[in-house]
Amino acid sequence: MTNAPTRAPDPQESDAEKTDSPTPEGHVAAWWLPKADFQQLIERLESRGYEVVGPTVDQEAIVYDRIRSTDDLPRGWTDEQSPGRYRLVRRDDEAWFGFVVGPQSWKKYLFPPVATLLTSQRTEAGWRMEAPATEAPRYAILGARACEVAAIAVQDRVFAGGAYVDPLYVARRANLFVIAVQCTQAASTCFCSSMGTGPACQRGFDLALTELPHGFVVTVGSPSGQSLTEELPVRLATAAETLEAAERRDAAAAQISRHLDKHDIRNLLLNNLDHQRWDDVAERCLSCSNCTMVCPTCFCSTVVEVTDLTGDQAQRERRWDSCFNLDLAFLNGTPARPTIRSRYRQWLTHKLASWHDQFGESGCVGCGRCLTWCPVGIDLTAEVAAIRQTATAAEPAS
Amino acid sequence: MPLTTNDLRELLGSLRFTGPLPAKSLNALASLGSVRDYGGMETVFREGSASDATFVIVSGQIALEMQISGRGSVQILSLGPGDMLAWSGMVGDRRMTATAKTLESSRLIAFPAQKILELAESDHEFGFAWMRALAEALARRLVATRLQFLDLFAEPSDDASQQRGAT
Amino acid sequence: MTAPSTTTASPSQANPWVPHLATIVDMTPEAPGVTTFRLRLNDSQLASRFCCEPGQFNMLYVPGFGESAISASGPPRVGGDLFHTVRTAGNVTRRLSTMRPGDSLGLRGPFGTSWPIAQCEGNDIVLVAGGIGLAPLRPVIYYLMARRERFGQCTLIYGARAPEMLLFRRDYPSWREAGINVLPTVDRTSSGWSGAIGVVTMLIDRFQPLVAPQTTLLMCGPEVMMKYSLTSAARRGLPLDRIWLSLERNMQCAVGLCGHCQFGPAFVCKNGPVMRADLIEPLLHVSQL
């Protein structure tokens with residue numbers, strides 16, 4: 001274990017007045033971490049046993065992968081997004097986090113696409129069945145956006161908030177270190193402000209970073225985050241730095257151009273299950289399930305039995321599934337939702353309406369991925385607006 | 001033991017098919033109706049015969065059968081207390097579409113078809129009430145027949161593609 | 001939509017994915033393709049406190065083949081053997097039907113909501129079942145027989161495809177003797193049958209005496225059958241909040257996490273399978289919900 005580096009000298013030695021005044025954020029202390037020292041953040045996390053994962057450029061998109069060095073980050077890249085369109089474009093600066101969200105979400109680390117739930121072995125004494133003994137990985141996610149942090153909280157409620165708890169999720173979640181990065185811009189597909197999940201990230205992180213040209217304003221969100229800052233060459237952020245950070249965050253909010261009117265949306269959708277709009281969208285929707293794959297809160301899965309030729313060993317493997325899959329729901333052996341119309345309706349009403357009944361909140365965090373990655377550019381904010389226009393009067397549905 | 005017209009009227013008022021009819025209609029029916037008692041396994045009417053009566057069942061069970069060449073006599077439906085029997089007395093070709101046999105001792109009230117139809121022609125209020133009761137009974141029977149036809153309890157086939165969701 | 005709580009499901013084990021081991025004690029053929037399994041949990045301590053309430057189900061696991069959700073179909077007794085009536089319909093149940101007493105399998109459960117029988121004490125109760133749907137109601141019949149004096153009229157209206165498909169037929173005399181009015185009916189007759197022919201809605205229409213609104217109706221069968229039975233019952237004056245259905249959807253994880261069994265906002269495995277009719281009746285009329 002290396003010696004913890006000494007803190008950089010605080011600017012109060014040169015500017016007593018500034019350090020006495022409260023930071024624009026109020027009484028929460030903000031730290032400053034220069035970009036030159038950022039690599040130490042990664043190294044300190046690794047020495048604590050974390051695998052640091054974060055955004056990287058791959059196959060012309062920004063996806064999440066192992067981060068070993070700040071060189072792995074998408075420096076100088078930004079994303080242009082609109083319904084059905086995603087392009088990576090060079091920025092005219094070298095911002096490290098100058099983009100919003102890509103086709104992946106952090107759910108692949110907490111709720112992995114493939115996971116073994118059970119192994120069974122035939123022995124002389126009969127079957128032995130046990131959960132896999134592997135230890136849960138320790139991930140430090142670097143660069144989580146406010147909407148993504150909100151999505152993690154939504155999945156917390158799904159996987160760990162009810163009568164039945166998924167031990168795989170809980171173990172990975174307990175090991176998770178969250179470094180949020182505050183958005184300083186918005187894509188045209190973002191509508192987090194409508195969902196109350198952003199663009200500012202105010203909770204759910206260990207550390208939150210706001211990027212300025214030469215470094216980051218760092219706020220601490222947990223004791224873990226606090227103890228990590230104590231190992232880093234941070235100093236108190238100046239009032240100017242915190243002000244500029246606030247202005248950059250405000251710029252993100254100002255750029256948001258898409259909105260979802262979620263007034264009484266649960267009753268609106270559940271009272272209009274036979275609305276004409278479901279037929280309209282069904283003519284466009286390909287039932288490709290992209291939206292459910294990129295969505296950070298979708299949680300449908302299927303469990304398959306995997307066995308070897310001897311039949312003496314078997315495993316139960318959980319894999320991501322989608323409500324757009326014809327094979328998801330059955331009634332008496334035949335598909336319960338045989339039409340695209342019924343499957344699209346299931347997806348949207350679950351995400352925006354039924355989720356309220358099930359979990360007490362919306363399933364949507366307004367990240368906009370489903371708009372971007374839909375091959376035909378279906379925009380759920382527009383679908384909801386269209387239903388609202390000619391809806392049956394919304395009384396509370398049963 | 002013969003029933004008085006008043007007794008009959010009260011009885012008709014308590015049965016499901018005739019109960020909802022207005023008082024005047026019940027009076028008219030009571031004056032036209034007569035009680036018929038059957039033992040078990042007795043034929044009430046035969047398929048194909050001229051329908052000269054419509055019935056309402058007071059007690060017991062009646063099975064309807066149709067003759068299918070190659071299969072013989074096939075029981076298709078059973079009726080019980082409160083059900084109407086022999087709607088072909090009122091509508092259709094006036095020929096019974098099934099044979100009716102009692103499964104156990106049964107009591108029916110019979111209405112002469114011709115007299116009922118004449119009354120319906122002359123008294124439209126009665127005619128409407130009677131026909132509506134008939135239509136509603138037939139509607140329920142139609143839905144029930146559809147459910148029978150849908151074969152809801154059919155055994156799953158071995159063909160995997162038809163039952164791919166079955167575990 | 002919040003269903004009134006009849007849940008007696010408990011987080012059965014710390015890890016809901018890991019089954020308990022159980023052994024087949026015996027197998028009773030009930031009808032072509034239908035067998036009742038009597039199972040005993042290998043862990044006798046667990047067995048002594050395990051109880052599957054009427055209406056609840058277990059996930060039966062055959063390693064190498066998969067799991068199948070099967071309702072409890074036997075006497076609801078804490079510590080008693082577990083009875084599951086299985087209809088051969090797919091890979092897992094087909095494999096199950098070839099197993100023998102002494103074979104072991106996995107069991108996860110108990111899951112789901114249960115029939116609200118205790119709330120019906122003092123009143124009449126009518127059970128309406130179709131096909132394999134009688135199996136999840138049989139525990140209710142056992143319960144009623146054991147406490148017969150606490151209930152009013154107890155009636156079973158049961159429809160099956162044909163007389164040889166009527167489940168538990170050999171039990172009907174003992175049920176009748178215990179004061180359960182058993183009214184079977186078949187879609188198509190066969191020789192030797194002198195009972196009712198036609199669907200259960202016809203029997204609901206003519207059922208006497210029906211003292212609405214105190215009577216409770218418990219229903220289990222194909223969804224179409226239940227939908228029209230609801231109509232018939234409502235026409236007889238029964239309020240929908242005194243009617244309970246056991247819903248059907250493919251259940252996989254059984255703990256509300258895989259999303260397969262959703263019916264509107266409800267997870268059938270968690271908020272059901274037993275649900276009160278007034279809360280779901282509108283949903284039954286939405287096609288392909």
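I'd like the distance separating the alpha-carbon centroids of the stretch A:325-377 and the stretch C:195-209, in whole Å.
Cα centroid to Cα centroid, the span is 40 Å.
Could you go through the stretch A:330-339 in sequence order and give the Karplus-derived ³J(HN,Hα) for each residue, using 6.51 cos²θ - 1.76 cosθ + 1.60 with θ = phi - 60°, rounded to whole Hz, and x for Gly and Pro?
Listing the rounded values in order: 10, 10, 6, x, 10, x, 7, 10, x, 9 Hz.
Over what distance in Å are the Cα centres of the stretch C:214-289 and the stretch A:98-133 separated?
So the two Cα centres are separated by 33 Å.
As I understand it, the dipole of chain B uses +1 on the Cβ of Lys and Arg and -1 on the Cβ of Asp and Glu, about the Cα centre. Which of B:Gly165, B:Ala137, B:Ile76 lies farthest toward its positive end?
B:Ala137
Only Lys, Arg, Asp and Glu count, each charged at its Cβ (+1, +1, -1, -1), so figure out the dipole size of the protein assembly as shown about its Cα centre, rounded to 20 debye.
That gives the protein assembly as shown a dipole magnitude of about 2280 debye.
Which angle between 0 and 90 degrees, to the nearest 10, do you get for helix B:23-32 versus the longest principal axis of chain B when only C-alpha atoms count?
90 degrees
Please list, or write none, the aspartates and glutamates whose alpha carbon is within less than 15 Å of the alpha carbon of C:Lys227, excluding same-chain residues fewer than 8 places away.
C:Asp205, C:Asp241, C:Glu248, C:Asp278, C:Glu281
Any idea what the dipole of chain C comes to, in debye rounded to 20, about its Cα centre with Lys/Arg Cβ at +1 and Asp/Glu Cβ at -1?
Once rounded to the nearest 20, the dipole reads 200 debye.
Fewest to most neighbouring Cβ within 10 Å: what's the order for A:Cys364, A:Cys300? Mind dumping the intermediate values first?
Numbers: A:Cys364 29, A:Cys300 21.
Placing the least packed residue first, the sequence is A:Cys300, A:Cys364.
With every atom except the alpha carbons ignored, what do you get for Rg and Dmax of the stretch A:23-255, in angstroms?
19.2, 73
In the protein assembly as shown, what % of DSSP beta bridges are antiparallel (nearest 5)?
Given both bridge residues lie in the protein assembly as shown, the antiparallel proportion sits at roughly 75 percent.
May I ask you to evaluate 6.51 cos²θ - 1.76 cosθ + 1.60, the Karplus curve with θ = phi - 60°, for each residue of the stretch C:106-111 and list the ³J(HN,Hα) values in order in whole Hz, giving x for glycine and proline?
The phi angles translate into x, 9, 10, x, x, 10 Hz.
Taking the dipole about the Cα centre of the protein assembly as shown, with the C-beta of Lys and Arg at +1 and of Asp and Glu at -1, give me whichever of A:Leu232, A:Thr56, C:Tyr143 is farthest to the positive side.
C:Tyr143
From the backbone phi of the stretch B:109-117, what are the Karplus-calculated ³J(HN,Hα) couplings (6.51 cos²θ - 1.76 cosθ + 1.60, θ = phi - 60°) in whole Hz, Gly and Pro given as x?
These are the phi-based 3J(HN,Hα) values: 10, 9, 10, x, 4, 4, 5, 4, 5 Hz.
By how many degrees, between 0 and 90 and to the nearest 10, does the Cα long axis of helix B:124-149 differ from the longest principal axis of chain B?
Once rounded, one gets 20 degrees.
Cut-off under 17 Å on the C-alpha distance; same-chain residues fewer than 8 positions from A:Lys108 excluded. Which aspartates and glutamates are left, in chain and number order?
List returned: A:Glu51, A:Asp58, A:Asp65, A:Glu135, A:Glu148, A:Asp156, A:Asp166, A:Glu317, A:Asp321.
How big is the stretch A:265-389 on each of its three principal axes, counting only the C-alpha atoms and giving the largest first in Å?
60, 30, 30
For A:Lys107, list the lysines whose Cα falls under 29 Å from its own Cα; do not include residues on the same chain fewer than 8 positions away.
Qualifying lysines at Cα under 29 Å: A:Lys35, A:Lys262, A:Lys351, C:Lys270.
For the stretch C:110-209, with only Lys/Arg (+1) and Asp/Glu (-1) charged at the beta-carbon, what is the dipole magnitude about the Cα centre, in debye rounded to 20? Please list the in-between numbers first.
Details: 10 positive and 8 negative charges, 33 e Å.
Charge dipole, the stretch C:110-209, about its Cα centre: 160 debye, nearest 20.
What is the set of long-range amide H partners of C:Phe151 at a cut-off below 5 Å, with H atoms built 1.01 Å from backbone N?
Residues meeting the amide H criterion: C:Gly122.
Quick one, could you list the DSSP H helices from chain A stretching 18 Å or more along their long axis (Cα atoms) with average Kyte-Doolittle hydropathy of -0.5 or above?
Answer set is A:146-160.
Please give me, ordered by residue number, the GluC sites (Glu not before Pro) of the stretch B:1-80 that lie in loop per DSSP and have at most 11 other Cβ atoms within 10 Å.
Taking the stretch B:1-80 and a limit of 11 other Cβ atoms within 10 Å, no loop GluC sites (Glu not before Pro) are found.
Quick check: the distance between the Cα centres of the stretch A:35-53 and the stretch A:259-303, to the nearest angstrom?
Distance between centres, Cα-based: 39 Å.
Choose one of A:Phe97, A:His275, A:Gln389: the residue whose Cα lies farthest towards the positive end of the charge dipole of chain A (beta-carbon charges +1 Lys, Arg; -1 Asp, Glu; about the Cα centre).
Value: A:His275.
May I ask for the angle, rounded to the nearest 10°, between helix B:5-14 and the longest principal axis of chain B, with both axes built from Cα atoms and the value confined to 0 to 90°?
Once rounded, one gets 30 degrees.
Read-outs throughout are calculated quantities, based only on the coordinates presented, and are distinct from any laboratory measurement. Just so it is clear, the model here is predicted, and its values are computed rather than measured. With ideal geometry, Cβ positions are generated from the backbone for all residues, glycine too; neighbour counts draw on all protein chains shown.
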